[in-house]
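Undergrad: What follows is a structure written as structure tokens; I'll ask about it next.
The values are calculated or read from the model by the stated rules, or taken from the named source; none is laboratory data. Note that the coordinates shown come from a computational prediction; the quantities given were computed from them, not determined experimentally. Glycine also receives a Cβ, built like all others from the backbone with ideal geometry; neighbour counts cover every protein chain displayed. Just the protein is used for accessible areas: all its heavy atoms, side chains included, with ligands, DNA and RNA removed. Shrake-Rupley method; radii C 1.70, N 1.55, O 1.52, S 1.80 Å.
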Amino acid sequence: MTLEEVRKEIDKIDTTMKPLFLKRMECGKHVAEVKGQTGGDVFVLERELDIIEKRAEDVNPEIRKEYETFLRHLMSLCRKYEYELLPRMQEEVISAALQAAGLNENVEHSQVKIAFQCPKETSDLNLFLNMIKLNGIQIDTLNMKTEDGIQKVFMTLDGKITDKGMRCLLCQIGKEADGFRILELLGI
């Protein structure tokens, strides 16, 4: 096959995948509707790991890790969409974090400083960084250190806590990362 023929084949595959992706997102919307009514968690780690293991078991070992990563990113993207559709869940996560920090969201600010942690061995930091980008948020500062196998992450994010993308992002990190905290709302 020539390079041009391979590119045409890739175009066909991408065109075939598009309606499947749209259908998957539509299913995610229905999941969010149910979870909005029942209060269920969007992220259930054990379920996702089980799904990935089952779907990847027959994949050629040469590309199995890539397929597992593809599934993890797809699931994370779908969860991001579900969190967008759950403003009550966003409010609960953000209000609890603000209250724990003794902060008031009505204070004028242009940045939000947060902290969270992940086990180094199974870190999802790359997925959180991807969600930051997908929510249209920019990182002003990012510091991470590992202690006793735990990645401790500190970020200053540009934006207000009332911004749609910020609320979705903070909800997702708050629901999926250990030790999520809002540390400060930084001035203009």
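Undergrad: Taking the conditions exactly as written (out of contact with any strand residue (DSSP E or B) (no Cβ under 9 Å at 6 or more places or on another chain) and closer than 25 Å to Leu85 by Cα), does Gln138 satisfy them or not?
TA: Values: out of contact with any strand residue (DSSP E or B) (no Cβ under 9 Å at 6 or more places or on another chain): no; closer than 25 Å to Leu85 by Cα: yes.
No.
Undergrad: Just to be sure I understand, how many residues within the stretch 1-10 are assigned to a helix (DSSP H, G or I) and open to solvent by less than 90 Å² (accessible area, probe 1.4 Å)? Step through it out loud before you land on a result.
TA: First, pick out the residues of the stretch 1-10 that are assigned to a helix (DSSP H, G or I): 3-10.
After this cut, where a residue has to be open to solvent by less than 90 Å² (accessible area, probe 1.4 Å) as well, the list is 6, 9-10.
So the count comes out to 3.
Undergrad: Continuing with the same structure: Could you pull out the residue among Arg24, Arg47 that is assigned to a helix (DSSP H, G or I), closer than 25 Å to Lys175 by Cα and modelled with pLDDT under 95?
TA: Numbers: Arg24 fails: modelled with pLDDT under 95.
That would be Arg47, the only listed residue that is assigned to a helix (DSSP H, G or I), closer than 25 Å to Lys175 by Cα and modelled with pLDDT under 95.
Undergrad: Restricting the search to the stretch 93-114, which residues are small (Gly, Ala, Ser) and either more than 17 Å from Gly159 (Cβ to Cβ) or more than 19 Å from the chain's Cα centre (by Cα) (or both)?
TA: Taking the stretch 93-114 first, the residues small (Gly, Ala, Ser) are 95-97, 100-102, 110.
Residues satisfying the conditions are Ser95, Ala96, Ala100, Ala101, Gly102, Ser110.
Undergrad: Could you list, in sequence order, the residues of the stretch 65-84 that are open to solvent by 70 Å² or more (accessible area, probe 1.4 Å) and in contact with a helix residue (DSSP H, G or I) (Cβ under 6 Å, 6 or more places away or on another chain)?
TA: In the first step, residues of the stretch 65-84 are kept if they are open to solvent by 70 Å² or more (accessible area, probe 1.4 Å); the result is 65-67, 70, 72.
Hit for the stretch 65-84 is Tyr67, nothing else.
Undergrad: So Leu85 fits all but one of (1) within 13 Å of the chain's Cα centre (by Cα); (2) of a type outside the set (Asp, Glu); (3) modelled with pLDDT of 95 or more; what number is the exception?
TA: It is condition (1) that Leu85 fails.
Undergrad: Do any residues in the stretch 66-92 that are touching a residue at least 40 places away in the same chain (Cβ under 8 Å) and more than 15 Å from Glu53 (Cα to Cα) have Cβ atoms under 7 Å from those of residues that are outside any helix (DSSP H, G or I) and of a type outside the set (D, E, K, R), where the two are at least six apart or on different chains, and which pairs are they?
TA: Arg79/Val42; Arg79/Phe43; Glu82/Val42; Tyr83/Val42
Undergrad: Do we have any residue at all in the stretch 101-120 that's open to solvent by less than 70 Å² (accessible area, probe 1.4 Å), of a type in the set (Asp, Glu) and either over 30 Å from Leu22 (Cα atoms) or outside any helix (DSSP H, G or I) (or both)?
TA: Yes, the stretch 101-120 contains at least one residue that is open to solvent by less than 70 Å² (accessible area, probe 1.4 Å), of a type in the set (Asp, Glu) and either over 30 Å from Leu22 (Cα atoms) or outside any helix (DSSP H, G or I) (or both).
Undergrad: Under 9 Å by Cβ, and 6 or more places apart or on different chains, what pairs join a residue from the stretch 1-15 that is of a type outside the set (S, T, N, Q) with one that is in a helix (DSSP H, G or I)?
TA: Within 9 Å, the pairs are Met1/Glu9.
Undergrad: Any residue at all in the stretch 148-162 that's touching a residue at least 60 places away in the same chain (Cβ under 8 Å) and either part of a helix (DSSP H, G or I) or surrounded by 14 or more Cβ atoms within 10 Å (Cβ to Cβ) (or both)? Step through it out loud before you land on a result.
TA: The first filter runs over the stretch 148-162 and keeps only residues touching a residue at least 60 places away in the same chain (Cβ under 8 Å), leaving 161.
When the remaining residues are screened for being either part of a helix (DSSP H, G or I) or surrounded by 14 or more Cβ atoms within 10 Å (Cβ to Cβ) (or both), the result is 161.
Yes, the stretch 148-162 contains at least one residue that is touching a residue at least 60 places away in the same chain (Cβ under 8 Å) and either part of a helix (DSSP H, G or I) or surrounded by 14 or more Cβ atoms within 10 Å (Cβ to Cβ) (or both).
Undergrad: OK, next. Out of Leu129, Leu125, I need the residue that is hydrophobic (A, V, I, L, M, F, W, C), free of Cβ contacts under 8 Å to residues at least 12 places away in the same chain, closer than 20 Å to Leu77 by Cα and open to solvent by 20 Å² or more (accessible area, probe 1.4 Å). Which one? Even if it seems obvious, please write down each step before you answer.
TA: Values: Leu125 fails: free of Cβ contacts under 8 Å to residues at least 12 places away in the same chain.
Being hydrophobic (A, V, I, L, M, F, W, C), free of Cβ contacts under 8 Å to residues at least 12 places away in the same chain, closer than 20 Å to Leu77 by Cα and open to solvent by 20 Å² or more (accessible area, probe 1.4 Å) holds for just one of Leu129, Leu125, which is Leu129.
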